[in-house]
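Below is the structure I would like to discuss, written out as structure tokens.
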Amino acid sequence: MSGQDIATPKRTKEIIAKYGFSFKKSLGQNFLIDQNILNKIVAAAELDKSKGALEIGPGIGALTQRLADAAGKVAAVEIDNRLIPILKELLEGEEHTTVIHGDVLKLDLKQVFAERFEGLTGVSVVANLPYYVTTPILMKLLEEKLPLENIVVMIQKEVAERMAAKPGGKEYGSLSVAVQYYCVPEVVCTVPHTVFIPQPNVDSAVIKLALRDKPAVDVPDEEHFFRVVQASFAQRRKTLGNNLTAFVGKERREELTELLRACGIDPVRRGETLSLEEFAVISRAMLEKGWRG
Ligand code: SAM
């Protein structure tokens with residue numbers, strides 16, 4: 001690591017005081033000050049010098065300096081312009097690390113990949129994400145079908161549990177299906193709020209999403225599949241039959257019951273009991289009838 005380790009309470013406080021930095025809650029700024037947790041995050045990404053790392057929200061660079069050691073190239077996207085000069089100074093000498101000032105939700109990530117990661121054998125996203133935009137960021141990474149090997153991120157514990165949930169429990173919902181369609185999720189560790197400055201109000205977890213070579217289920221129309229999933233969870237207390245009637249139209253209630261039975265799915269089940277394959281079967285059967293919802 002070139003330069004001192006940023007991720008200690010003392011050093012982080014020194015940096016904040018030196019630059020007169022004040023935290024913006026609205027940007028989800030909770031900086032990590034625990035070396036063990038940072039090392040676990042980096043280890044989970046399985047980087048080496050032939051690989052790249054995209055970091056979202058480097059803050060003052062606690063994770064970035066470790067990624068610079070572990071990966072061949074690092075690109076770190078930070079929205080807060082006050083942090084850019086701090087990062088440039090603290091990461092001076094990290095030759096293969098680029099800081100990009102921007103909002104990751106607006107950035108052309110395909111272009112970032114083409115410019116920063118060409119020729120590498122794989123790229124991971126590694127980040128302690130701002131919690132207020134966790135889901136939009138992850139959905140953008142997945143839906144844009146970026147050539148990623150895995151995503152290792154610190155997020156709110158409750159969101160990590162929803163992403164990794166299996167059918168049958170109350171955590172399982174459209175987020176679980178969307179994530180598991182593209183990835184195999186694994187909760188790496190849970191993290192107490194004491195390892196951040198300032199401390200967030202919630203507990204956190206590190207989740208690893210290993211990208212699948214192809215989606216978990218075969219569907220002819222992804223957008224329709226996800227709309228069926230959303231509709232199935234629209235009102236969690238309602239049965240699948242009732243939720244999907246609202247989706248296809250009341251006049252098709254009887255036909256819908258028949259369709260679900262023909263798919264081997266009892267219409268009185270709830271959305272939260274269905275596997276990805278069962279959602280795929282329903283979506284395919286609806287499309288065969290031309291029901292787009
Ligand atoms: N990586 C640092 C660490 O672990 O100490 C900081 C993590 S902090 C939880 C989240 C960081 O994301 C902050 O630096 C914040 O300014 C940045 N951020 C928030 N929204 C962002 C966005 N839309 N695009 C890029 N960065 C963002």
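Could you work out what % of the accessible surface of the chain is carbon and sulfur, using a 1.4 angstrom probe and leaving DNA, RNA and ligands out of the count?
Looking at the chain in its full context, I get 49 percent from C and S.
Next question. Rounding to the nearest 10 and keeping the result within 0 to 90°, find how far the Cα-based axis of helix 253-262 lies from the longest principal axis of the chain.
Between the helix axis and the principal axis of the chain, the angle is about 80 degrees.
While we're here: Out of 240, 44, 185, whose Cα points farthest toward the positive end of the dipole of the chain (charges: +1 Lys, Arg; -1 Asp, Glu; placed on Cβ)?
240
Further question on the same structure: Whole Å is fine, so just give me how far the alpha carbon centre of region 77-116 lies from that of region 212-279.
42
Over region 64-184, what is the relative contact order in whole percent, taking alpha-carbon pairs under 8 Å and six or more residues apart?
Here the relative contact order equals 19 percent.
If you don't mind, another one. To the nearest 20 debye, what is the magnitude of the charge dipole of region 222-289 about its Cα centre, counting +1 on the Cβ of each Lys and Arg and -1 on the Cβ of each Asp and Glu?
Roughly 340 debye, rounded to the nearest 20.
Whole-Hz Karplus ³J(HN,Hα) for region 28-40, in order, using 6.51 cos²θ - 1.76 cosθ + 1.60 and θ = phi - 60°, x for Gly and Pro?
Listing the rounded values in order: x, 8, 10, 8, 7, 10, 10, 5, 4, 5, 4, 5, 5 Hz.
Running a GNM on the chain with Cα contacts under 10 Å, which residue among 43, 114, 165 ends up with the highest mean-square fluctuation?
114
Cross-link candidates for residue 250: which lysines have Cα within less than 25 Å, leaving aside residues fewer than 8 places away along the same chain?
In chain and number order, the partners are 238, 289.
Continuing with the same structure: Where is the GNM fluctuation largest for the chain (alpha-carbon springs, 10 angstrom cutoff): 139, 154, 163?
139
For region 182-188, in order, what is each residue's ³J(HN,Hα) by Karplus, 6.51 cos²θ - 1.76 cosθ + 1.60 with θ = phi - 60°, in whole Hz (x at glycine and Pro)?
Whole-Hz 3J(HN,Hα) from phi for region 182-188: 9, 9, 9, x, 8, 7, 6.
Beyond 21 Å between alpha-carbons counts as too far, so tell me which of 110/214; 145/170; 49/214 fall in that bin.
145/170; 49/214
Rounded to the nearest 5, what % of DSSP beta bridges with both residues in region 9-211 are antiparallel?
In region 9-211, DSSP labels about 45 percent of beta bridges as antiparallel.
Let me ask something else about it. Can you give the helix-only mean residue ellipticity at 222 nm for the chain, where every DSSP H stretch with n ≥ 4 adds -39500 (n - 2.57) and the sum goes over all residues, rounded to the nearest 500 deg cm²/dmol?
-11500 deg cm²/dmol
Which whole-Hz couplings ³J(HN,Hα) result when phi for each residue of region 122-128 is put into the Karplus expression 6.51 cos²θ - 1.76 cosθ + 1.60, θ = phi - 60°, listed in order with x for Gly and Pro?
x, 9, 10, 9, 10, 6, 9
Under a plain spin-label model, where a point goes 7 Å from the Cα along Cα-to-Cβ, how far apart in nm are residue 261 and residue 288?
Label-label distance for residue 261 and residue 288, simple model: 1.6 nm.
With every protein chain present, what is the per residue accessible area of the chain (1.4 Å probe, Å²)?
It amounts to 46 Å² per residue over the chain.
About the Cα centre of the chain, what is the dipole size in debye to 20, counting +1 per Lys and Arg Cβ and -1 per Asp and Glu Cβ, all else neutral?
Charge dipole of the chain: 860 debye, to the nearest 20.
Leaving out same-chain residues fewer than 8 places away, which lysines sit with a Cα under 28 Å from that of residue 24?
The reachable lysines, counting only those whose Cα sits under 28 Å from residue 24, are 10, 13, 40, 88, 106, 140, 157, 208.
Further, regarding this structure: Give the peptides 10-20, 177-187, 88-98 in descending order of average Cβ contacts within 10 Å, highest first.
177-187, 88-98, 10-20
The values are calculated or read from the model by the stated rules, or taken from the named source; none is laboratory data. Bear in mind the structure is a predicted one, so any value in this text is a computation, not a measurement. Virtual Cβ from ideal backbone geometry, glycine too; neighbours counted across all protein chains shown. The accessibility values were calculated without ligands, DNA or RNA, using every heavy atom of the protein model including side chains. Shrake-Rupley method; radii C 1.70, N 1.55, O 1.52, S 1.80 Å.
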